[in-house]
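The values are calculated or read from the model by the stated rules, or taken from the named source; none is laboratory data. All values derive from a computational prediction rather than experimental measurement. As a convention, Cβ positions derive from the backbone with ideal geometry for all residues, glycine included, and neighbour counts pool all protein chains shown. Side chains included, ligands, DNA and RNA excluded: accessible areas come from the protein's heavy atoms. Shrake-Rupley method; radii C 1.70, N 1.55, O 1.52, S 1.80 Å.
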Amino acid sequence: MIRLLLYSAVVISCFLISNEQLNRERRKIRIAKELEDVIFQMEALLKYGSYDVYQLCEKCFSDITAFDASGFTKITDSFSESFLKACKKSLCNASESTESAFMKISEFLGMYESETQISGLETILGEIKSDRIVMENELAGKRKLYLCLGAFSGIVICLVLM
């Protein structure tokens, strides 16, 4: 009876580990969606408002829930350097391509006229959006695979232990 419980615990543990991997992938997608919203809001504020880069970051990152955005809301020093530091600190759970695309904002935001900044933001928004779509499509295909492999690996471990 105890063996049966232990074997069940092994299978369930392996299943939960695979489910955690799925949750990491979902988190990457959620971060990409929030970054898209941030960029969209930045574009709107640049088009219709007169904010400097510090106010822009404080306003756009204030409602973020998918990751800790406190580094973005407290930028006071050199914008480019502080923005890159905040990206490295806050976007560690994002996909590499999303993170690198978002970091490009530091290269032009606050340095050129608003039309150039908006154009750069639109380019980065397109990169992040296409990356998110790829991640969503991959997740749809990998979901069953991850869960089945997790359960199967638990069963294999139980068979080896028998």
Checked against a 28 Å limit on the C-alpha separation, the offending pairs among LYS59/LYS88; LYS47/LYS104; LYS33/LYS104; LYS33/LYS74; LYS33/LYS144; LYS59/LYS144 are LYS59/LYS144
Those helices of the chain passing the 18 Å axial Cα length cut-off and the mean Kyte-Doolittle cut-off of 0.0 (DSSP H runs only) are 2-48, 114-161
Going residue by residue through the stretch 61-78, the Karplus relation 6.51 cos²θ - 1.76 cosθ + 1.60 with θ = phi - 60° gives ³J(HN,Hα) values, rounded to whole Hz and with x marking Gly or Pro, of 9, 6, 9, 6, 10, 6, 7, 7, 9, 4, x, 7, 7, 10, 6, 10, 7, 3
The long-range amide H neighbours of GLY110, using H built 1.01 Å from N in the peptide plane and a cut-off of under 5 Å, are none
Note to self: with every protein chain in place and a 1.4 Å probe, the stretch 39-122 gives an accessible area per residue in Å² of 54 Å²
PRE zone check, label point 7 Å out along Cα-to-Cβ of SER50, amide N under 19 Å, scope the stretch 70-111, hits 110-111
Per residue, the convex hull enclosing the Cα atoms of the stretch 1-69 spans a volume in Å³ of 76 Å³
With +1 at each Lys and Arg Cβ and -1 at each Asp and Glu Cβ, the charge dipole magnitude of the stretch 1-150 around its Cα centre, to the nearest 20 debye, comes out at 1000 debye
For the stretch 81-162, listing chymotrypsin sites (Phe, Trp or Tyr not before Pro) in a DSSP loop whose Cβ sees at most 13 other Cβ atoms within 10 Å gives TYR112
Rounded to the nearest 10 Å², the accessible area of VAL11 using a 1.4 Å probe with every protein chain kept is 40 Å²
Share (percent) of C-alpha pair distances in the chain greater than 22 Å works out to 51 percent
Any chymotrypsin sites (Phe, Trp or Tyr not before Pro) in the stretch 1-62 that lie in a DSSP loop and have at most 16 other Cβ atoms within 10 Å would be TYR51
